[in-house]
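Notes follow the structure.
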Amino acid sequence: MRGWKPGFAGLSYCGIGAGTAIAVMLEPLIRKLIAMHPNDPHTGKPTPEAAVFAVCVGSVFIPVGELWFAWTAKPSVHWICPILAGLPFGLGNGLTFIYATNYMAGSYTVYAASALSGNSIIRYGLAGVLPLAGSKMYSTLGPNWAGTMNPLSFVQ
């Protein structure tokens, strides 16, 4: 909608990249918080569920970033606003992905490879199919309401 050339438009992903980088930089701090949880008496390590709080925090940041982006995506709004919306989205996405994967690997132990591959099949299947509806949805509803539908669809 802004008429950017493809090379320049690629820079709009810098907000998401910076948010993901923040999630990675917070990893040592989050590991310390996880280590503060009570240890499992059988293994002597924190339970896999100790990592779920990071997933819960990340799951709040994702719709915040999506809604922020949806309502600042018009050309009448300065270009930095939707790019900055990528920060909470990237942070939430990074936290959710890292610690949900850790939770599954810790929970399924010897079957972790099967659990993670099943998760990947579902994730990549949806990632391949859902964009087919995106262009129609955005042309019908416009960027504001189409972007709002995405986070609200998971609330149910």
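The values are calculated or read from the model by the stated rules, or taken from the named source; none is laboratory data. What you see is a predicted model; the values in this text were computed from it and never measured. Every residue, glycine as well, gets a Cβ built from its backbone with ideal geometry; the counts of neighbours run over all protein chains shown.
Among residues that are touching a Phe, Trp or Tyr at 6+ places or on another chain (Cβ under 9 Å) and either modelled with pLDDT of 90 or more or of a type in the set (Gly, Ala, Ser) (or both), residue 16 is included. Every listed requirement among (1) crowded, with 18+ Cβ neighbours inside 10 Å; (2) closer than 26 Å to residue 115 by Cα; (3) over 14 Å from the mean Cα position of the chain (by Cα) is met by residue 82 save one, (2). Cβ-Cβ contacts under 9 Å between residues 6 or more apart (or on different chains), taken from a first residue in segment 129-149 that is surrounded by 13 or more Cβ atoms within 10 Å (Cβ to Cβ) to a second residue that is of a type in the set (Asp, Glu) and part of a helix (DSSP H, G or I), are listed as 147/66; 148/66. Of all residues in segment 73-89, those satisfying the criterion of being out of contact with any Gly (no Cβ under 7 Å at 6 or more places or on another chain), under 16 Å from residue 144 (Cα atoms) and not polar (S, T, N, Q) are 74, 75, 77, 78, 79, 81, 82. For segment 85-128, a residue qualifies if it is farther than 21 Å from residue 58 by Cα, loosely packed, with under 12 Cβ neighbours inside 10 Å and of a type in the set (Gly, Ala, Ser), and the qualifying residues are 113, 114, 117, 125, 128. From the list 87, 29, 11, the lone residue that is among the aliphatic types (A, V, I, L, M), more than 30 Å from residue 122 (Cα to Cα) and out of contact with any Lys or Arg (no Cβ under 9 Å at 6 or more places or on another chain) is 29.
Note on segment 1-115: enclosed helices (runs of 4 or more DSSP H) holding 3 or more residues that are touching a residue at least 12 places away in the same chain (Cβ under 8 Å) are 14-25, 27-35, 52-70, 80-108. Restricting segment 14-68 to residues that are among the small types (Gly, Ala, Ser) and more than 21 Å from residue 87 (Cβ to Cβ) leaves a set whose member that is surrounded by the most Cβ atoms within 10 Å (Cβ to Cβ) is 51.
Here is a yes/no grid of residues against (1) out of contact with any Gly (no Cβ under 8 Å at 6 or more places or on another chain); (2) not small (Gly, Ala, Ser):
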| site | (1), (2) |
| --- | --- |
| 71 | no, yes |
| 92 | no, no |
| 110 | yes, yes |
| 127 | yes, no |
| 133 | yes, no |
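Against the conditions (1) at pLDDT 95 or above; (2) within 13 Å of the chain's Cα centre (by Cα), residue 29 satisfies every one except (2). The single condition from (1) surrounded by 13 or more Cβ atoms within 10 Å (Cβ to Cβ); (2) farther than 21 Å from residue 142 by Cα that residue 72 fails is (2).
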